[in-house]
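What follows is a single structure, written as structure tokens, with notes after it.
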Ligand code: GLC
């Protein structure tokens with residue numbers, strides 16, 4: 001499962017030779033260590049992680065192995081929990097989801113003991129607060145994500161249609177374009193998103209509630225606040241879209257990369273995805289390069305702005321590492337201004353305030369604008385409120401929502417009733433019904 005990149009090794013050798021020239025050969029060889037990092041693997045993410053650790057290796061002379069992890073964040077969490085519960089020291093640094101600090105904190109180092117305060121303070125305070133559990137900083141923010149609407153600019157123009165502001169508009173536009181396009185392309189669909197039974201569906205669900213103006217599932221008073229007629233309405237609407245020919249037959253198995261493959265292959269008018277998809281869909285191997293736009297997700301009505309779920313990833317160091325300071329140094333390097341600037345050009349949004357003051361390249365300007373607007377009304381999953389219970393609550397959501405989308409029986413209101421009970425149950429009465 002481990003891959004030590006050849007380039008890292010040869011760069012390290014070059015560095016070592018340089019040190020030898022200065023007479024530091026022996027001592028440098030004695031201190032060169034190998035760290036291991038578990039990075040994400042969606043899209044080009046793993047390669048970008050390798051690129052970043054190679055830059056650190058070239059600077060420091062230490063090697064870094066990058067291990068493969070599953071695409072699905074739910075599966076990745078299961079893998080991490082297995083390693084951490086068994087106190088493995090085989091992985092030093094973990095890329096962790098924004099909703100995991102409350103789940104994993106007891107296995108992670110307090111990075112404020114290792115990383116200068118000036119670096120910590122350069123990140124958005126809300127993200128630092130998210131990553132603190134019992135006042136321990138268990139991860140450094142790496143990038144911010146939010147759900148976005150990708151659309152076929154060329155097709156909207158061709159049919160004289162505007163980017164939809166509401167879900168009903170999206171559906172009728174998709175219908176018009178699909179009806180016309182299917183004459184030449186029978187595989188054309190209207191909308192793709194993440195409907196498989198995993199964390200990605202919880203993200204979509206939270207966005208649907210947000211589109212109905214009810215994105216906060218758990219109130220500050222710790223009551224489950226789910227069951228509202230508008231939220232029930234949006235669920236019924238989404239299911240009818242899923243069960244219509246506007247979405248692919250296999251939509252209930254779709255994750256991020258499935259949605260991107262269909263959209264990038266020219267077979268969908270609209271796609272819900274994260275910012276990473278922009279750059280990839282614009283590359284020369286993409287059928288839709290130069291033909292797409294990106295915007296905030298729609299609301300249910302003109303009066304309710306759409307909502308993007310707040311996602312994003314952090315870098316954490318396990319308590320079981322044999323190299324705490326070195327691993328923290330790697331994390332600080334990877335989350336530095338220079339690294340985040342490089343990654344912004346690839347569509348990964350910085351967690352450092354200062355990087356939003358600068359004008360990005362023209363290539364990512366549309367993405368930058370859509371993300372900026374979306375972040376103003378972004379909705380969060382209830383991870384902070386639920387802490388260690390978040391995983392079970394999210395599981396209840398994606399399993400039940402998936403079942404609901406898959407069948408005709410039951411209503412959105414009934415689903416919300418069941419979910420309210422389940423969330424209360426998994427949090428063992430710490431949160432209650434309102
Ligand atoms: C993205 C988000 C992450 C979310 C995941 C769900 O990677 O950044 O927060 O949990 O998608 O699939």
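Derivation of every value follows stated rules applied to the coordinates shown; laboratory data play no part. From a predicted model like this one, the values you see are computed outputs, not experimental measurements. We place every Cβ from the backbone using ideal geometry, glycine too, and count neighbours over all the protein chains shown.
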The range 311-434: relative contact order as a whole-number percent, Cα under 8 Å and 6+ apart = 13 percent
Quick one: if you stick a label point 7 Å off each Cα along the C-beta vector at residue 158 and residue 124, how many nm between them?
-> 3.6 nm
What FRET efficiency would be calculated for the residue pair residue 365, residue 134, taking the C-beta separation as r and a Förster radius of 56 Å, to the nearest 0.05?
-> 0.85
Alpha-carbon centroids, the range 290-332 and the range 122-158: separation in whole Å | 3 Å
Checked the range 274-349 with the C-alpha gyration tensor, a ≥ b ≥ c its square-rooted eigenvalues, rounded below a/c of 1.5, otherwise prolate if a/b is larger than b/c and oblate if not; verdict oblate
Compute the acute angle (0 to 90°) between the alpha-carbon long axis of helix 324-334 and the principal axis of greatest extent of the alpha-carbon atoms of the chain; round to the nearest 10°.
-> 50 degrees
Order of 342, 250 - criterion: other Cβ atoms within 10 Å of each residue's Cβ, fewest first | 250, 342
With springs only between Cα atoms under 10 Å, which of 197, 231, 219 fluctuates most in a Gaussian network model of the chain?
-> 219
Inter-site label distance for residue 236 and residue 55 at 7 Å from Cα along Cβ, in nm | 5.2 nm
Quote the FRET efficiency, to the nearest 0.05, computed for residue 411 versus residue 169 with a Förster distance R0 of 25 Å and r equal to the Cβ-Cβ distance.
-> 0.60
Go ahead and run the numbers for FRET between residue 47 and residue 356, Cβ-Cβ distance against an R0 of 22 Å, rounding to 0.05.
-> 0.30
For the chain, longest principal axis from Cα atoms; helix 167-181 axis from its Cα atoms; angle between them, nearest 10 degrees, is 90 degrees
Of the beta bridges DSSP finds with both residues in the chain, what % are antiparallel, to the nearest 5?
-> 65 percent
Would you mind computing, in nm to one decimal, how far apart the modelled labels at residue 32 and residue 399 are, each placed 7 Å from Cα along Cα→Cβ?
-> 4.9 nm
Using alpha-carbon coordinates, inclination of helix 365-376 to the longest axis of the chain, degrees | 80 degrees
When you count, for each residue, the other Cβ atoms within 10 Å and take the mean per peptide, how do 36-45, 364-373 rank with the highest first?
-> 36-45, 364-373
Determine by what factor the alpha-carbon radius of gyration of the range 50-115 differs from 2.2 N^0.38 Å, reporting the quotient.
-> 1.23
Ranked from highest to lowest mean number of other Cβ atoms within 10 Å per residue, what is the order of the peptides 269-276, 111-118?
-> 269-276, 111-118
Could you work out how far the C-alpha centroid of the range 55-118 sits from that of the range 351-378, in angstrom?
-> 27 Å
Calculated over the chain: convex hull of Cα atoms, volume per residue (Å³) | 148 Å³
By the mean-Cβ-within-10 Å protection proxy, highest first, 63-73, 202-212 rank as 202-212, 63-73
Applying the gyration tensor rule to the Cα atoms of the range 132-171 (axes a ≥ b ≥ c; rounded if a/c under 1.5, else prolate if a/b exceeds b/c, else oblate), the class is prolate
Decide, for the range 228-320, between rounded, prolate and oblate: order the square roots of the alpha carbon gyration tensor eigenvalues as a ≥ b ≥ c, take rounded if a/c falls under 1.5, and otherwise choose prolate if a/b is larger than b/c, else oblate.
-> oblate
